[in-house]
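Q: Dumping the structure here so I can ask a few things about it.
The values are calculated or read from the model by the stated rules, or taken from the named source; none is laboratory data. Note that the coordinates shown come from a computational prediction; the quantities given were computed from them, not determined experimentally. Cβ sites come from the backbone with ideal geometry, for glycine too, and all protein chains shown count toward neighbours. Ligands, DNA and RNA are stripped out before the accessible areas are found, and what is left, the full protein with its side chains, is counted by its heavy atoms. Shrake-Rupley method; radii C 1.70, N 1.55, O 1.52, S 1.80 Å.
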Amino acid sequence: MNKEKGLLVVLSGPAGVGKGTVCGALRNEDTSIQYSVSATTRVPRAGEVNGVNYFFKSRDEFEDMIEHDLLLEWAEYVGNYYGTPIDYVRETINNGQDIILEIEVQGALKVRERFPEGVFIFLMPPSIAELRNRIVGRGTETAEVIDKRMTIARDEIEMMKKYDYVVENDEVQLAVERIKAIVKAEHCKRERLIEKYKQLVEVE
Ligand code: 5GP
């Protein structure tokens, strides 16, 4: 019998909506979902650890990864590269485990082209004002970067229509519960189970 594949779940949404926080909370409580660690050329923020938050790379190293086709997707965002190493994603889903990718919108759309069977979740801010508060509140970015991120965020919200699910991030724990419910329901989708129950269905 074919082993059931794990789900490839993409959590995306505008900058500052709290994708990292929601993903972190999910990661803390549901150990059965694996987390994809991205590569980036951005400098580490205080407390970030190489190999845990990101694989921190030079531009040359990153371009080398692109050239050798080691990334499932990549995007340039506010002057830095971000990308998803493909091997870990493939291994995880082939082992029957679910994996979540927390990535920005351009990258998510590229994943959809390669993995149309993925589950695409758009994390929505309660309002634009709240989104700005969150970007400013993080306190790690200059005014110029904040403005750039806000402009990108407005365009990104437009992309909501390309996703399977929309989850409002009004409260982290509520958003986490909604994502867990989506993952549970996706495991019960007929298309994913047809192979598993084929013999039973074929019996008269
Ligand atoms: P930050 O610099 O705040 O950690 O991340 C900036 C943006 O890059 C966030 O929207 C984050 O979701 C996104 N990002 C993180 N990793 C990846 C990745 O591997 N690919 C893409 N396309 N975006 C990513």
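Q: Select from region 83-100 the residues that are within 19 Å of Val183 (Cβ to Cβ), in a strand (DSSP E or B) and more than 7 Å from the ligand (Cβ to nearest atom) and list them in ascending order.
A: Asp98, Ile99, Ile100
Q: How do the pairs read when you match residues in region 71-99 that are more than 15 Å from Phe55 (Cα to Cα) and open to solvent by 30 Å² or more (accessible area, probe 1.4 Å) with residues anywhere that are of a type in the set (Gly, Ala, Ser) and in a loop (DSSP other than H, G, I, E, B), using Cβ under 6 Å and keeping only pairs 6 or more apart or on different chains?
A: Gly96/Gly6; Gln97/Gly6
Q: Among the residues of region 68-82, which ones are part of a loop (DSSP other than H, G, I, E, B) and at negative phi? Give the steps one after another, and end with the answer.
A: First, pick out the residues of region 68-82 that are part of a loop (DSSP other than H, G, I, E, B): 68-70, 78-79.
Within region 68-82, His68, Leu70 qualify.
Q: If you go through region 35-57 one residue at a time, do you hit one that is under 20 Å from Lys184 (Cβ atoms) and more than 9 Å from the ligand (Cβ to nearest atom)?
A: Among the residues of region 35-57, at least one is under 20 Å from Lys184 (Cβ atoms) and more than 9 Å from the ligand (Cβ to nearest atom), which makes the answer yes.
Q: Answer yes or no: is there a residue in region 157-168 that is within 30 Å of Glu191 (Cα to Cα), crowded, with 20+ Cβ neighbours inside 10 Å and away from the ligand (no atom under 12 Å from the Cβ).
A: Of all residues in region 157-168, those within 30 Å of Glu191 (Cα to Cα) come to 157-168.
Next, only the ones that are crowded, with 20+ Cβ neighbours inside 10 Å stay: 163, 167.
Next cut, away from the ligand (no atom under 12 Å from the Cβ) only: 163, 167.
Yes, there is a match, as at least one residue in region 157-168 is within 30 Å of Glu191 (Cα to Cα), crowded, with 20+ Cβ neighbours inside 10 Å and away from the ligand (no atom under 12 Å from the Cβ).
Q: Quick check on this structure: which one of Gly24, Gly79, Gly13, Gly20 is at pLDDT below 95 and over 28 Å from Glu168 (Cβ atoms)?
A: Result: Gly79 is the single residue among Gly24, Gly79, Gly13, Gly20 that is at pLDDT below 95 and over 28 Å from Glu168 (Cβ atoms).
Q: Of all residues in region 1-34 being over 26 Å from Pro116 (Cβ atoms) and away from the ligand (no atom under 14 Å from the Cβ), which is surrounded by the most Cβ atoms within 10 Å (Cβ to Cβ)?
A: Checking each candidate, the answer is Ala25.
Q: A further question follows. What residue, among those in region 102-121 that are open to solvent by 10 Å² or more (accessible area, probe 1.4 Å) and either free of Cβ contacts under 8 Å to residues at least 12 places away in the same chain or near the ligand (Cβ under 8 Å from one of its atoms) (or both), is nearest to the chain's Cα centre (by Cα)?
A: Glu102
Q: From the list Lys148, Lys162, which one is under 22 Å from Arg42 (Cα atoms) and of a type in the set (Lys, Arg)? It would help to see each step written out before you state the result.
A: On the way: Lys162 fails: under 22 Å from Arg42 (Cα atoms).
After applying the criteria, what remains is Lys148.
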